[in-house]
Amino acid sequence: LIREATAGDVDDLALLRWQSHSERDELDEGDFEAYRVGFARWWSTQQGRCRAVVATDDERIVAMGFLALVNRVPVPGALDRHHADIQSMYVLPAYRGAGVGSQIVGALVGLACESGCTRVEVHSGRRAVPFYEHAGFEHFPQLLNLDLKR
Ligand SMILES: CC(C)(COP(=O)(O)OP(=O)(O)OC[C@H]1O[C@@H](n2cnc3c(N)ncnc32)[C@H](O)[C@@H]1OP(=O)(O)O)[C@@H](O)C(=O)NCCC(=O)NCCS
């Protein structure tokens, strides 16, 4: 089942985000509770800014993706302009390769259309680039990035 996340899903979203991160970095399980609390505090401020879609099996959430709305400066004739950013897509390893991620991206794009977005962006991890290409995303030469962490 694919559906939009509700306030009641917040702990599961935090857990999946933690699991997603632990695939890349070693995390100390003792830090999870503080992360969960911080995540819940952040999520409570996101109404109208960030939405999430989840996939569930019979028991639990097995995949998720977020859609952050980005406001754009008004132009004459169009005061309310925004685009969307897909973030933190994650499918539990056992559920990958079965179309779940694609269904979540489809639902997030649906939410973006519903919110009046003109386009959707994603800053993909290296390995997921073919996945987004498969979903119709295109490389865009006019999108430039300055990495401030270097
Ligand atoms: C990337 C990810 C979200 C894809 O979800 P998924 O449910 O496995 O993807 P789907 O089954 O819907 O795949 C759709 C298509 O993309 C392709 N695809 C998926 N992941 C791919 C990958 N890593 N490399 C190449 N192609 C990929 C599939 O082969 C499939 O094509 P097909 O229908 O022709 O077989 C999932 O593998 C994941 O959570 N990975 C780890 C976290 C991550 O990389 N997140 C993205 C950061 S923005």
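Quick notes on this structure:
- Contact order normalised by residue count of the chain, Cα under 8 Å, 6+ apart, percent: 20 percent
- In Å², nearest 10: area of ASP11 left accessible to a 1.4 Å probe: 70 Å²
- Sorting LEU16, LEU27 by accessible area puts them as LEU27, LEU16; the probe is 1.4 Å, largest comes first, and only protein heavy atoms count.
- Of the GluC sites (Glu not before Pro) in segment 76-150, those whose Cβ has at most 11 other Cβ within 10 Å and which sit in DSSP loop: GLU138
- Protection-proxy order for peptides 29-40, 45-56, each taking the mean of Cβ atoms within 10 Å per residue, highest first: 45-56, 29-40
- Rounded to the nearest 10 Å², the accessible area of LEU13 at probe 1.4 Å: 0 Å²
- Within the full protein context, the accessible area of SER44 is estimated at about 80 Å² for a probe radius of 1.4 Å.
- The convex hull of the Cα atoms of the chain, projected and averaged over all directions, covers 10.9 nm².
- Each Lys and Arg contributes +1 and each Asp and Glu -1, all at the Cβ; summed about the Cα centre of the chain, the dipole is approximately 620 debye.
- Accessible heavy-atom area order of ARG3, ARG60, highest first, probe of 1.4 Å: ARG60, ARG3
- Per-residue ellipticity at 222 nm, computed for the chain from helices alone with -39500 (n - 2.57) per DSSP H run of at least four residues, works out to -9500 deg cm²/dmol.
The values are calculated or read from the model by the stated rules, or taken from the named source; none is laboratory data. As the structure is a prediction and not an experimental result, all values here were calculated from the model. Using ideal geometry, Cβ is built from the backbone for each residue, glycine included, and neighbour counts are taken over all protein chains shown. Note: accessible area is taken over every heavy atom of the protein model, side chains too, but ligands, DNA and RNA are not part of it. Shrake-Rupley method; radii C 1.70, N 1.55, O 1.52, S 1.80 Å.
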